[in-house]
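What follows is one structure encoded as structure tokens, with my remarks underneath.
The values are calculated or read from the model by the stated rules, or taken from the named source; none is laboratory data. Since we're looking at a predicted model, the values are computed, not measured. Here the Cβ positions follow ideal geometry from the backbone for every residue, glycine too, while neighbour counts run over all protein chains shown.
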Amino acid sequence: MTPVLELADVTFRRNGKQIIDGISLTVQPGEHWALLGPNGAGKSTLLGFCAAVTFPTTGAVHVLGQQLGRVELAKLRHWIGHVNPRHRLQSPLTVREVVLTGITATIDLPMHWSPTAEDVQRADAMIETVGMSAKADGSWPTLSQGERGRALIARALIASPRLLLLDEPTTGLDVAAREQLLETVDALDQTHPDMASVLVTHHLEELPTSTTHALLIAEGRTVASGPARQTVTTDNVTAAFDHPIEVGYVDGRWSARTKANRIDL
């Protein structure tokens, strides 16, 4: 089975500073990875490798069996879905129109391009998948942050990606909206069983129950990597965040809190 994603001993330097220092990662079809680490650990840079938008200084990156630097990136990116809550949409498109931009891989609908009836049907199917059918004609500026997040997942899915990247998808959401979005992500394990995913976060509470593997990094280096239950542990999270963190796991979800002595007032 060809891996969906392979990073082999990659490094990355910017302005003389080492951002990534010898990280390796292999993602197989159907696996759902969490990329965890503190701010400044290098998570965004690694996600750039996965998205085929950033090239390593040294090491090799293979995405969908193709090595970066030896493949036409536009064709490769067609098979990569990217969910970024900081989507830079400026015009008041409807949810359906936003989802359709996933076909053209653009922010707005291109001039002189019109979707086919089949495109529209597929957009509506993806909107239904994320539970947004009632909002299909809703204008983007009127949506809540949680609704936008689910719409962006539908946008990412419309091109039938083999790799889905989620860049801190619950940023700015309240608890209810976060849980709705995580339920949407969890459902993808059933609707798109062969699709692999990488979700970036620094909050353990934001990991969906479908998470199968995890990579913990700190200061551009691997702290731990492997099956999620064996990797997202008190010792590993404490090491990654350089702070005493107690990790809990109940009903498929993780939690984290500071290890602290009781303070009597």
Among the residues of segment 163-170, is there at least one that is over 24 Å from Gly42 (Cβ atoms) and surrounded by 18 or more Cβ atoms within 10 Å (Cβ to Cβ)?
-> no
Flag if Arg96 is of a type in the set (D, E, K, R), assigned to a helix (DSSP H, G or I) and within 20 Å of Gly48 (Cα to Cα) = no
All but one of (1) closer than 26 Å to Gly252 by Cα; (2) surrounded by fewer than 16 Cβ atoms within 10 Å (Cβ to Cβ) hold for Arg70; which doesn't?
-> (1)
Here the residues within segment 73-97 that are surrounded by 14 or more Cβ atoms within 10 Å (Cβ to Cβ) and in contact with an Asp or Glu (Cβ under 9 Å, 6 or more places away or on another chain) are His82, Val83, Asn84, Pro85, Leu89, Leu93, Thr94, Val95, Arg96, Glu97
Scan segment 134-150 and give yes if some residue there is part of a loop (DSSP other than H, G, I, E, B), at pLDDT below 90, under 28 Å from Leu36 (Cβ atoms) and under 19 Å from the mean Cα position of the chain (by Cα), otherwise no.
-> no
Hits in segment 38-51 (condition: in a loop (DSSP other than H, G, I, E, B) and either within 14 Å of the chain's Cα centre (by Cα) or surrounded by fewer than 20 Cβ atoms within 10 Å (Cβ to Cβ) (or both)) = Pro38, Asn39, Gly40, Ala51
Grab the strands (runs of 3 or more DSSP E) fully contained in segment 166-265, keeping just those with 2 or more residues being free of Cβ contacts under 8 Å to residues at least 24 places away in the same chain and either within 30 Å of Glu128 (Cα to Cα) or more than 15 Å from the chain's Cα centre (by Cα) (or both).
-> 221-227, 245-250, 253-258
Hey, could you check segment 106-132 for residues that are of a type in the set (Gly, Ala, Ser) and surrounded by 14 or more Cβ atoms within 10 Å (Cβ to Cβ) and say which is modelled with the lowest pLDDT?
-> Gly131
